[in-house]
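Structure, as structure tokens:
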Amino acid sequence: MDSQLKTSTKTVKLSQLFAVFFKIGVLSFGGGLSGWIYRDVVTRRRWMTAQAFLAGMTLAQVLPGANVANIAIYIGDRIRGPLGALVAVTAVLVGPFFVILALAEAFLWLKQFDGFDDFLDGVAAAAIGLLLVVGMDAGRIASKQVRSAVVFLLVFTLIGVLNAPLIITVAVVGVLSVCWCLRTER
Amino acid sequence: MSEGKLLALISVFAPLSLVAVGGGPSIFAGIQVQVVEIRQWMDAREFLHLFAISRAAPGPGTMISTLIGWEMAGFSGAVVGTLALFVPSSVLCFFLMRLWFRHEGKSWHAAVSKGLEPIGGGLILAGALSIGKLSSAGWLYWIVALGAALAFYVFPKLSPVLVLAAGGTAFVCWRHFAGGVI
């Protein structure tokens, strides 16, 4: 079964791995990221099979951490082991790191202009709107089953409305939710 | 002196990193509570501005920790903020992934996957509410937020940067040309 997930026989150079993920990191405006990665890693370079990719992606979304980082770790590990994972995740973060600092400095300079603060307020509002879409979509999917709907609403109410401490809530609800799943799927 | 700040950054972001189920944005509520309410590193508006910048930039949406670190302790703060947020979850991810695939096809795989899925969603929605509550702006805020949500819902292929810029412009126009006090 593992042979299905094995990569192609040619060894991918670390520098290549770095280059691919660096590009992904810098160009990752908004969503559709997994599509990009799929096209590059699976379709164009054939570094792994579609199956392997999808298996990793699903897991990357469920595990804690930024999806992009987790996917990079998965693919990097598959291709070149722990070193590959490190190279891939560093590559995907280093570009945005410098871009975001440059942006922060640029915005600092822009703040001298009357109205820029208002502009940023508006950007924040719009950004919340975009988060709302993701959240509502997740809610729509969760509403298809009683269990997931309950867990979704519970987490939202506890943390968003009642300001319960996040870490404890996630830990407790996480365990309960998984146990509930284990019971019903036996 | 600044080591205290760097350690503080780690103590905020490292634990949150381990529970960021469903992706980066799931811990926004937690970050906001720590940074603005509990530790009072910055006021609400400043946090919102950093949030705005982090969403407008490329890369994972949680690079707000980079900006908070930058704000607190310059370049080294930015580095520590980034590492504190990404290293714990990355290490955990690396080992859990290997564990997962070593036990390929076990019956509990689906249970864990399905069990954790709605948590991420609930967290993201909670994060949106939590950050939204920070703003002192009134109805215009929610009009822009809902407008952006609607635009993105109807046209999913819209460039997010465009939507964000439109939101910013709307605010500027209202506050300066319509003389709105919001």
_Filter result for the condition that a residue is within 18 Å of the chain's Cα centre (by Cα), more than 7 Å from chain B (Cβ to nearest Cβ) and modelled with pLDDT of 90 or more, over A:GLY65, A:GLY76, A:GLY56, A:GLY84_ = A:GLY76
*Is there a residue being assigned to a helix (DSSP H, G or I) and over 20 Å from B:ALA110 (Cα atoms) anywhere in region A:172-179?*
no
*What number goes with the only condition from (1) in contact (Cβ under 8 Å) with a residue 12 or more places away in the chain; (2) surrounded by 15 or more Cβ atoms within 10 Å (Cβ to Cβ) that B:SER136 does not pass?*
(2)
*How many residues does region B:145-159 hold that are assigned to a helix (DSSP H, G or I) and in contact with a helix residue (DSSP H, G or I) (Cβ under 9 Å, 6 or more places away or on another chain)?*
9
_Can you find a residue that is touching a residue at least 24 places away in the same chain (Cβ under 8 Å), closer than 28 Å to B:ALA111 by Cβ and in contact with a Pro (Cβ under 9 Å, 6 or more places away or on another chain) anywhere in region A:47-67?_
yes
*In the list B:LEU129, B:LEU134, which residue meets the criterion of being over 30 Å from A:GLY81 (Cβ atoms), of a type in the set (A, V, I, L, M) and more than 7 Å from chain A (Cβ to nearest Cβ)?*
B:LEU134
_Being assigned to a helix (DSSP H, G or I), more than 8 Å from every other protein chain (Cβ to nearest Cβ) and more than 20 Å from the chain's Cα centre (by Cα) is the requirement here; does A:ALA106 meet it?_
yes
*Across region A:109-133, what is the total count of residues that are outside any helix (DSSP H, G or I) and facing chain B (nearest Cβ under 7 Å)?*
1
*Do we find a residue being within 22 Å of the chain's Cα centre (by Cα) and farther than 15 Å from A:VAL133 by Cα anywhere in region B:141-155?*
yes
*When the residues of region B:58-95 are filtered to those that are under 12 Å from the mean Cα position of the chain (by Cα), under 26 Å from A:PHE116 (Cα atoms) and among the hydrophobic types (A, V, I, L, M, F, W, C), which remaining residue is farthest from the other protein chains (Cβ to nearest Cβ)?*
B:ILE68
*asked:* Quick check on region B:144-179: of everything there that is more than 29 Å from B:VAL21 (Cα to Cα) and of a type outside the set (Gly, Ala, Ser), which residue is surrounded by the most Cβ atoms within 10 Å (Cβ to Cβ)?
replied: B:PHE171
*Tell me, please, whether a residue that is among the aromatic types (Phe, Trp, Tyr), within 7 Å of another protein chain (Cβ to nearest Cβ) and more than 21 Å from the chain's Cα centre (by Cα) can be found in region A:144-160.*
no
*Quick check, is B:ALA44 in contact (Cβ under 8 Å) with a residue 12 or more places away in the chain, among the aliphatic types (A, V, I, L, M) and under 20 Å from A:ALA127 (Cβ atoms)?*
yes
*Please state which one of A:LEU93, A:LEU83, A:LEU153 is open to solvent by 10 Å² or more (accessible area, probe 1.4 Å) and within 19 Å of B:GLY23 (Cβ to Cβ).*
A:LEU93
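The values are calculated or read from the model by the stated rules, or taken from the named source; none is laboratory data. Bear in mind that the values here come from a model prediction, so they are computed numbers and not experimental data. Backbone-built Cβ (ideal geometry, glycine too); neighbour counts: all protein chains shown. All accessible areas refer to the heavy atoms of the entire protein, side chains included, with ligands and DNA or RNA removed. Shrake-Rupley method; radii C 1.70, N 1.55, O 1.52, S 1.80 Å.
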